[in-house]
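The values are calculated or read from the model by the stated rules, or taken from the named source; none is laboratory data. All values derive from a computational prediction rather than experimental measurement. For neighbour counting, all protein chains shown are included, and Cβ atoms are generated from backbone atoms with ideal geometry for every residue, glycine included. Just the protein is used for accessible areas: all its heavy atoms, side chains included, with ligands, DNA and RNA removed. Shrake-Rupley method; radii C 1.70, N 1.55, O 1.52, S 1.80 Å.
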Amino acid sequence: MRNTARWAATLALTATAVCGPLTGAALATPAAAPASLYAPSALVLTVGHGNSAAEATPLRAVTLTCAPTASGTHPAAAVACAELRGAGGDFDALGVRGDVMCTKLYDPVVVTVDGVWQGKRVSYERTFANECVKNSYGTSVFTF
């Protein structure tokens, strides 16, 4: 009888030692997150001098989050988000300001945008003739 009790206790301790962490892990698994009320829109914009992003060293970088509210390190986040919403997230569709006059000096500036716009992955690169031309696109998206 003594051996039976000892074996039962050993079996119970072994089962607890082996299966205990498994049940704790199952309990610690987080529940599925509820669906978001908005699609994420978070971008990183960089600017550097050069003909392409591959050869340019980024001089400045800003973050731009447009949902649920405009935020980030972009100096005019609210206006930039409004411009992007108006263009449907298409950076090529941003209008050119007509009140800006730029020189024809060729000093290429490359802008990159990486992140997510309304739940879709975005990767954009554009080279402008110079800083003035870059700043003339849109009111504030590329002005940082």
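Brief remarks on what is shown
- Residue count for the stretch 106-118, restricted to those that are among the polar types (S, T, N, Q) and crowded, with 18+ Cβ neighbours inside 10 Å: 1
- Filter result for ALA93 (free of Cβ contacts under 8 Å to residues at least 40 places away in the same chain and crowded, with 16+ Cβ neighbours inside 10 Å): no
- Residue list for the stretch 119-141, restricted to those being open to solvent by 50 Å² or more (accessible area, probe 1.4 Å) and either in a strand (DSSP E or B) or without any contact (Cβ under 8 Å) to a residue 12 or more places away in the chain (or both): LYS120, ARG121, SER123, GLU125, ARG126, THR127
- Any hit, the stretch 63-77, residues being assigned to a strand (DSSP E or B), among the hydrophobic types (A, V, I, L, M, F, W, C) and under 16 Å from VAL122 (Cα atoms): yes
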